[in-house]
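Structure first, commentary second.
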2 protein chains.
Amino acid sequence: MSVRRSSVQQLLQSQELEREVVVKGWVRTRRGNKYVQFVALNDGSTIHTIQVVADAEKFPEETLKDVATGACLSVRGQLVASQGKGQAVEIQAIEIEVLGTADPEEYPLQKKGHSLEFLREIAHLRPRTNTFGAVLRVRHALAFAVHQYFNDHGFYYVHTPIITGSDAEGAGQMFRVTTLPPEHPPRTADGSVDYKEDFFGKQTNLTVSGQLEAEVAAMALGKVYTFGPTFRAENSNTARHLAEFWMIEPEVAFNDLQDNMDLAEDFLKSLVRQALEKCADDLQFLNDQYDKELLNRLRFVIENDFQRLTYTEAVEILKVAKQKFEFPVDWGTDLQSEHERYLVEKHFRKPVILTDYPKDIKAFYMKLNDDGRTVRAMDVLFPGIGEIIGGSQREENLEKLRTRMEQMHVEEHELWWYLELRKFGTAPHAGFGLGFERLVLFVTGMANIRDVIPFPRFPKNADF
Amino acid sequence: MSVRRSSVQQLLQSQELEREVVVKGWVRTRRGNKYVQFVALNDGSTIHTIQVVADAEKFPEETLKDVATGACLSVRGQLVASQGKGQAVEIQAIEIEVLGTADPEEYPLQKKGHSLEFLREIAHLRPRTNTFGAVLRVRHALAFAVHQYFNDHGFYYVHTPIITGSDAEGAGQMFRVTTLPPEHPPRTADGSVDYKEDFFGKQTNLTVSGQLEAEVAAMALGKVYTFGPTFRAENSNTARHLAEFWMIEPEVAFNDLQDNMDLAEDFLKSLVRQALEKCADDLQFLNDQYDKELLNRLRFVIENDFQRLTYTEAVEILKVAKQKFEFPVDWGTDLQSEHERYLVEKHFRKPVILTDYPKDIKAFYMKLNDDGRTVRAMDVLFPGIGEIIGGSQREENLEKLRTRMEQMHVEEHELWWYLELRKFGTAPHAGFGLGFERLVLFVTGMANIRDVIPFPRFPKNADF
């Protein structure tokens, strides 16, 4: 009977030595001399490689000619204690089969370091680098931690629609989804495009948020969350924006703003804690390579209470700040990134939750405070990231919601079903949105959001 | 200090009686006499309700006038052993606050049963029914079981792109994604639409599958899976098709077709087992209300090996079957639903995995067998559902893949990056796709796929 394949991770953790093993993976490096060759093999199960030792007596040079960086190998050998430093075990090769070659003249990922910009152009190969392997494993661990947290806390995962007939979500510009012939679309008598002929019988767009539909579910199941792709058609070529990104949106019946803040803080801390626990090696690598403060920053977030204050209090602080800002601070205008960073990184030196923003700079569905000027909004601000979470208690009063919609020019007939949630068995409720890539950005310490999603979508780019 | 809110599920399982509790939820029914009123309250945490007992002495009729089906209540009371049958505990009400009313003249979900067709028109309210509450909780449990299974087995979750610049995936008709002005799009010199001016600088579509990108990740991380929305722009108005649905696609380096079948069978059994364990009450309800054979069928799937045979063997069986088929069976043509159902429901009476289909009826990326006529495809067929999984070992040989692409008119320049996976460190690998809604359909026993997703998308319908 043949030996079953082990992963590199399993072998590196194995206590059981002096046994025959089979491992399959990709060559990271090969070095050696005329007596012995050392091959570092990686299979994606961990950032580490396992050392394969090939004695020249058994493996003359010509048998190893295709064992080059990037080649795929199947190795059978003896798992033994390593003589060298840097690893506890290694494999004394008995048989080496090259499953796939990688011509050193053509394979782009040679040993030398590559710029992140260059790697973006070969997004089909960059997961094979240490950096992107680490980022993708952390991304996985965070995604799983999201589902685990909500499942453990009695939330139900709800798949809200990606294609939406509504353009009233109000969170940004939208992509149109259509099957009409682009050259000569059917037209109505007045010459405009006849969307009745389109696939869904009307104009449809890609969703910018699942919140409104999540509210539907929360008014029945109590505690729910979404975790799915959302879209923005804004022409933003920044290191913080993507046209397609994943968003997490919990929504909880009977929660008020206080509960919402408690949930957001506990949730974020739990995610960071899971990443530190499950991805210690990957985060250590990212810390050493990119950002020496990364691990400290992650531990700091776990160990400290977030600072909570109102928008109005924040404006007071900013007005007397010694720092000179490019944009003026005035009650009623939205805070700029420089203001948020000052609060988080200089004034409080910890994550901040700002609440109770002026109603005119927030969405129509946020619950109006008794002062008539502010709404029960909250933004969670993180060091280096800025806004990582935006949320609110929702307006559950039918008449107040109607008034806000009218004031903000949101069409009632578009959201008749949303209004009916307030007409039949309405309840206080609250929720928030967490941009998943911003979370991954924070936890990995990467600088550009295009480097924390496998295939980034941004203006003029939908490759792969 | 006020008492913290408990969920209905927590209270029903509580051993600790004679204590004050607070519960919030929606009225399912109210009945009683002039001495006492009984209110059945549900909060979505379970299919069950908790009985709230309101004595007329404490709650005269006029104080309960808004306590009607659909109204939202906050109830404070004493948790006590129930005198009535059907529940172990109940709440002796001390205080009842109506948070949201539901006018019996207007609220559509009165006690009488509603057709599933009618409920589809009020998708914003149907999660409040027993049926949809149960379906959505089962859906959650299955989604979580998917993530749990893969995480426990060393797979990494990969978010493959939703917007794709490629139309070579070949799995079906696509939706176009655009920001060009629909009335008067920019045009090139020859009058055709100028997609260089579109958001991504070229024509883009909604993905029909994440497989090709998942292969990228598998060639670096080893074991990966996707779980995200996919789209078909086919004009299919059936009980089995949606325009927007969620798909799960594992992809594993070094797996062959045998490993792929083993994974598919173990994975499906694990999911069904989790649902039976975590959703016993909901499945019992669905069994009793809709399909008396449901629980038996689910247990049967867990307890029996799937039948594995080749397409060629299946054709032999069908050719000598005593049953008369509408469509003839001939080697080389795709099997029809009636054929699949005969094999699963009549001949073998268990789930079936068919392998090694004729190459001409399968996709270009499937690995060619040595016979030159068949490919290493596999379809998993389930009773009542038909194909629930489709997968294959992939062609890892560059030249063979090129030949297949040419034969099937897939443009090389569209998939240069996919070909490079075979050029640099290629490896045998295999994977499959599981339509999540078909799984939910099977596990819940529902008849129409529009009833197992919160907001179904199909031709002429993108409401909510």
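The values are calculated or read from the model by the stated rules, or taken from the named source; none is laboratory data. Worth saying up front: this structure is predicted, and the values here are computed from it rather than measured. Counting neighbours? That spans all protein chains shown, and the Cβs are built from the backbone with ideal geometry, glycine included.
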_Can you tell me which condition A:Y157 does not meet? The list is (1) touching a Gly at 6+ places or on another chain (Cβ under 8 Å); (2) within 8 Å of chain B (Cβ to nearest Cβ), and all the others hold._
(1)
_Index of the failed condition, B:K319 passing every other in (1) within 14 Å of chain A (Cβ to nearest Cβ); (2) without any contact (Cβ under 8 Å) to a residue 24 or more places away in the chain; (3) of a type outside the set (S, T, N, Q)_ = (1)
*Hey, which of the strands (runs of 3 or more DSSP E) in region A:221-310, taking only ones fully inside, have at least 1 residues that are in contact with a Leu (Cβ under 8 Å, 6 or more places away or on another chain), modelled with pLDDT of 95 or more and of a type in the set (A, V, I, L, M)?*
A:244-253, A:307-310
*What pairs come up if the first residue lies in region B:70-89 and is over 12 Å from B:V52 (Cα atoms), the second is β-branched (V, I, T) and not in a strand (DSSP E or B), and their beta carbons are under 7 Å apart, counting only those six or more places apart or on different chains?*
B:A71/B:T101; B:C72/A:T426
*Going by the conditions given, is B:Q87 more than 11 Å from every other protein chain (Cβ to nearest Cβ), touching a helix residue (DSSP H, G or I) at 6+ places or on another chain (Cβ under 9 Å) and modelled with pLDDT under 95?*
yes
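Residues checked against (1) within 14 Å of chain B (Cβ to nearest Cβ); (2) over 24 Å from A:V138 (Cβ atoms); (3) touching a helix residue (DSSP H, G or I) at 6+ places or on another chain (Cβ under 8 Å); (4) not charged (D, E, K, R):
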| position | (1), (2), (3), (4) |
| --- | --- |
| A:S7 | yes, no, no, yes |
| A:W26 | yes, no, yes, yes |
| A:I50 | yes, no, yes, yes |
| A:E62 | no, yes, no, no |
*asked:* Can you tell me which condition B:K292 does not meet? The list is (1) free of Cβ contacts under 8 Å to residues at least 60 places away in the same chain; (2) touching an Asp or Glu at 6+ places or on another chain (Cβ under 6 Å), and all the others hold.
replied: (2)
_region B:187-207, residues that are in contact (Cβ under 8 Å) with a residue 24 or more places away in the chain and either within 21 Å of A:F245 (Cβ to Cβ) or aromatic (F, W, Y) (or both)_ = B:F200, B:K202, B:T204, B:N205, B:L206, B:T207
_Which listed residue is crowded, with 18+ Cβ neighbours inside 10 Å, of a type in the set (S, T, N, Q) and either under 24 Å from A:Q289 (Cβ atoms) or in contact with an Asp or Glu (Cβ under 8 Å, 6 or more places away or on another chain) (or both), from A:S82, A:S45_ = A:S45
*Of the residues that sit in region B:178-193 and are more than 38 Å from the chain's Cα centre (by Cα) and in a loop (DSSP other than H, G, I, E, B), which one is nearest to the other protein chains (Cβ to nearest Cβ)?*
B:S192
_Out of A:V320, A:V352, A:V380, A:V375, I need the residue that is buried (at least 20 other Cβ atoms within 10 Å of the Cβ), at pLDDT 95 or above and more than 26 Å from A:V443 (Cα to Cα). Which one?_
A:V375
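For (1) over 24 Å from the mean Cα position of the chain (by Cα); (2) surrounded by 16 or more Cβ atoms within 10 Å (Cβ to Cβ); (3) among the polar types (S, T, N, Q), each residue gets a yes or a no:
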position	(1), (2), (3)
B:L257	yes, yes, no
B:M261	no, yes, no
B:N296	no, no, yes
B:D305	no, no, no
B:L309	yes, yes, no
B:A314	yes, yes, no
B:K324	yes, no, no
B:W331	yes, no, no
B:Y342	yes, yes, no
*Given (1) out of contact with any strand residue (DSSP E or B) (no Cβ under 9 Å at 6 or more places or on another chain); (2) of a type outside the set (K, R); (3) at positive phi; (4) facing chain A (nearest Cβ under 10 Å), where does B:D463 come up short, assuming only one miss?*
(3)
*Of the residues that make up region B:349-358, is at least one assigned by TED's automatic domain parsing to the domain that holds B:W417, of a type outside the set (K, R) and free of Cβ contacts under 8 Å to residues at least 24 places away in the same chain?*
no
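Residues checked against (1) touching an Asp or Glu at 6+ places or on another chain (Cβ under 7 Å); (2) surrounded by fewer than 21 Cβ atoms within 10 Å (Cβ to Cβ); (3) among the small types (G, A, S):
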| position | (1), (2), (3) |
| --- | --- |
| A:N130 | no, yes, no |
| A:D152 | no, yes, no |
| A:Y157 | no, no, no |
| A:T164 | no, no, no |
| A:D167 | no, yes, no |
| A:Q173 | yes, yes, no |
| A:R176 | no, no, no |
| A:E183 | no, yes, no |
| A:N205 | yes, no, no |
_Filter result for B:G113 (of a type outside the set (K, R), more than 13 Å from chain A (Cβ to nearest Cβ), over 16 Å from B:D43 (Cα atoms) and free of Cβ contacts under 8 Å to residues at least 24 places away in the same chain)_ = yes
*asked:* Please list, ordered by residue number, the helices (runs of 4 or more DSSP H) wholly in region A:350-460 having 2 or more residues that are within 14 Å of chain B (Cβ to nearest Cβ) and closer than 30 Å to A:L286 by Cβ.
replied: A:436-444
*In the list A:F175, A:F144, which residue meets the criterion of being more than 24 Å from B:F199 (Cβ to Cβ) and either without any contact (Cβ under 8 Å) to a residue 12 or more places away in the chain or at the interface with another protein chain (Cβ under 9 Å from one of its Cβ atoms) (or both)?*
A:F144
*How many of the residues making up region A:108-143 are in a helix (DSSP H, G or I) and over 14 Å from the mean Cα position of the chain (by Cα)?*
12
*Those residues that are under 30 Å from B:R376 (Cα atoms) and crowded, with 23+ Cβ neighbours inside 10 Å, I need them from region B:441-464; list them, please.*
B:L441, B:F442, B:V443
*Find all pairs meeting these conditions: Cβ atoms under 8 angstrom apart; at least six residues apart or on different chains; first residue within region B:3-28 and in a loop (DSSP other than H, G, I, E, B); second residue charged (D, E, K, R).*
B:V3/B:E20; B:V3/B:R76; B:S7/B:D43
_Only one of B:L401, B:L421 is in contact with a His (Cβ under 9 Å, 6 or more places away or on another chain), surrounded by 23 or more Cβ atoms within 10 Å (Cβ to Cβ) and modelled with pLDDT of 95 or more. Can you tell me which?_
B:L421
